[in-house]
1. Among all the lysines, which ones have a C-alpha under 28 Å from Lys329's C-alpha, if same-chain residues fewer than 8 places away are not counted?
2. Report the residues of region 276-291 in range of a label on Leu838: point 7 Å along Cα→C-beta, backbone N strictly under 20 Å from it.
3. Just by accessible area at a 1.4 angstrom probe, what is the order of Phe788, Phe208, Phe321, Phe830 from largest to smallest?
4. For region 91-168 and region 814-841, what is the separation of their Cα centres, given in Å?
5. Which value, in Å² rounded to 10, gives the accessible area of Ile594 with a 1.4 Å probe and all protein chains present?
6. Please tell me the relative contact order of region 187-320 in percent, rounded to the nearest whole number, where contacts are Cα pairs under 8 Å and at least six residues apart.
7. Where in region 763-811 are there trypsin sites (Lys or Arg not before Pro) that are in a DSSP coil and have at most 11 other Cβ atoms within 10 angstrom of their Cβ?
8. Please compute the contact order of region 441-505 in relative form: average sequence separation of alpha-carbon pairs under 8 Å and at least six residues apart, divided by the residue count, as a percent.
Amino acid sequence: MKRTLLVCGVVLGLLTFAFVSVQAQGTSVIVRVNVPTVNQNQPLPISVEFSPSGGVERVVLNYRYFGESEFKQLDMLLAGNSATTTLAAEFVNPPYIEYYIQADLSGGRTETYPPENPQVNPMKATVKPIDPKNLEVRMLSPEQGETVSAEDLVIAVSLFYASDNVEMKATKLFLNGIDVTSMAIFSDDVIIFSPANFSRPLSLGVQFVRVQLYDKKGAPYHTIESNFNLSTASAIEAAETRLRMGIDGQAEYRREDIGTTVSTFTRGQLRFNGNFRSLNFGANMLITNEEKPDRQPQNRLLAYADLDFLKVQYGDAYPKFPSYIVSGKRVRGVSANLSLKFFNVDISYGDITRNLDGSPLQNYTGKTDSVLNYLVGGKVDSSALNTRPENSLQTTLGKYVVFNSGTFTRNFLAIRPSFGAGENFQLGFTYMKSKDDVGSIRYGIRPQENFVGGADMMIAFDNQKFRIDAQASLSLMNNNIARGSFSDYDYDLLAGKFDPDLTASERADRQKQSDDIRKIADIASKIITINEYLTPLNPVGTGLPALAYEGTLTMNYFNNFIRAQYYQRGATYTSFGNEFLQADIQGLAVSDRIRLFSNRVLLSVSYEQRKDNTAQTKVYTTTYDYLNSSLTIYPANDWPSFTLGYGINNRKNDATKDLTKPNNPELNLADDATARISAQVNYDFVAGARHNVSLGANIANKKDNTLNKRDQTNNMYFGSLTSVFSFPLQTTLTFSTGETKSQQLLIPDNAKSQILETLLKISSLSANLQYRLINDKLRLAASYNSTFGDLKRTLLQGGLDYSVTENHALMFQYDLILNSGTDLLTGEKFKNDNIMSLIYRFNF
């Protein structure tokens, strides 16, 4: 009790300080990012809320795991003023996942959260590790949550993976809290229990199983719990042969009065699902009036059907292929997976961008040279025949048109046959082709084409405690396919056939060379367009410019999870299926996650070194070193958990100072070190209500050792307190504050050098409450969010959610945004903004 009161006092003191003196962290567009704490191998949902006046067009989640230096990217689903995504359970591992949000805005602007240097000082999502002892006991039958018939019920437990410290014969088995060990059969490392030996009849419904393990000294070692549903054979058969369907959705009307503009939005979401025997099917749909012909698709549609061995999706899908080829890419079309264990096929076919035609600016008649001199920032129509793409001129009847270039429809095809179930072995081969449809728009230049072919392999032993993953792929890129592949004349020209000084025999030799080149090109042109814009000319030349490969080894033994990876990606490697992947890089990364003191302490350490200039085409090479460590402590259940992290990132290249300009250091010179410190505490306790408190800090300090003196410090402090009371009230208090200090050397003409220092402070605090009435049919919600410092804004929200019937509900929300500051042009104070939304939800 004293400890709880002490912690409560500390928490209240910190939060009081936060509300009195802390200034809020946020951006002008991103209002709130919601990332819960989850357990290892559980899906991680992430949502972002935006200011209604933000003009958000695209949202990207940038994330990386502990021990990685490179962020992966995932497009978030944008709907109204929020965006959502979920990281798959297989990617969620302790001690944390680092992330930042990137929002692309109208007008070409971009904002991030955190707002300053997110790559150096990203946010952290805490991941709680699972107890490895859970893996020592396997429920063979029934599986967790399975429905079985009373006639066929047999409980089977495997202790094959139990530790040598476990005394198997001392294991106890409980069914619905009753010790049934004496009625069970122990056969080697398997325990079998049949209800026929049970003196008490089992009622239908949920049944609970508990397995208690003991060590060699007779002390409790670990407890595993599971549950299953008990029914009758006839009821199960009737359920399997019955068609079951469900549907839910919502319709929203939203009115925004922002600045001098009033906008209305209507959106509808519909989810449908059903199953019949082993067939599952359904559809998800999002329709909005934000769908415009001059924007990439805002509506979303996905229909799916899957059996045990076949899954088909139609619409907007995110297919899974080896990460170097396809990762996080939305494909509008058909995606399918055939899984026969010994042989499998994954396929995805559709579009990844849709055609948005350019806009003509002005017609012009005259000579080509006059047009080229006339152009300023515009493009010229290249759709006419006999026109070279680089000129971008339409020559029909000597008329030209200046235009803004549009976006081509980009077709996409990926196929991956594979062999093996993926439990102990799998070998796959991937073909990916993506090509702009030249005829999809009239006003556009430089349509492109991309081919990637690759292979991947997985080998695992000992229940995947020892695992090797490898992938390699080769890419070809054509930066302009407007005029297609080379003609016969082009091949003759390349072979030098038209040299006037050639003899007849030499000309014949050149003709043979032209024919040989043409034969090879004819074969290659079935894969990609062959012309002067194809790159690289030698895919396996110095530094393997078109090749990307990586190999990863993981071992999970003796309370250590060891991971080692080597990778290289060539200077020209490109995949339209993963356009965020960094090329021209090679590196080695090793990490270890160590469990100590009965898994109450988790120590993680990683090191990575990477270098660019893989093809030795740059004048200098940059080397990056990353050392990271993390210590997480999980004391007894009634104590807080703590996570401390420390890392240092070094960057250095061999560029030298330009001696011809002694007052201007070479801009490419790099020699800096960034130290990062993080701390976070989480605590669940009861003090008049159930509370969860989280406090943390991220501190980064960059020291620039070059003459540029680009030193920088980033400090961020944050916290939250969520309380669930015995009466129907839930509250959440949050705060964050961030400060960024940057320096740079200035050397004015004929003046002494000086250091320019800039300071940015952005902070936020918020209070949210929810109150439930009328047996939870009515929920009232209110929110206060204030951002101040160098960015000032206050958001007030209020709303209600009323369940009219069991299947129908209405929600109303009103937002008031209090803006500060004045318009620099008119001198008038910015007006306040307000938003009203009404949502109808239903399910059947």
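1. Lys329 reaches Lys72, Lys124, Lys292, Lys311, Lys320, Lys341, Lys433, Lys435, Lys526, Lys611.
2. 287-290
3. Details: Phe788 50, Phe208 115, Phe321 25, Phe830 95 Å².
So the residues, ranked largest to smallest area, are Phe208, Phe830, Phe788, Phe321.
4. Value for the Cα centre distance between the two parts: 41 Å.
5. Roughly 40 Å² of Ile594 is accessible to a 1.4 Å probe.
6. On the way: 199 pairs, mean separation 17.5, N = 134.
RCO, region 187-320: 13 percent.
7. Working: sites: Arg772, Lys777, Arg779, Lys792, Arg793; in loops: Lys777, Lys792.
Answer in residue order: no site qualifies.
8. Details: 59 pairs, mean separation 21.6, N = 65.
With pairs under 8 Å counted, the relative contact order is 33 percent.
The values are calculated or read from the model by the stated rules, or taken from the named source; none is laboratory data. Since we're looking at a predicted model, the values are computed, not measured. Using ideal geometry, Cβ is built from the backbone for each residue, glycine included, and neighbour counts are taken over all protein chains shown. We work out accessible area using only protein heavy atoms, side chains counted, and drop any ligands, DNA or RNA first. Shrake-Rupley method; radii C 1.70, N 1.55, O 1.52, S 1.80 Å.
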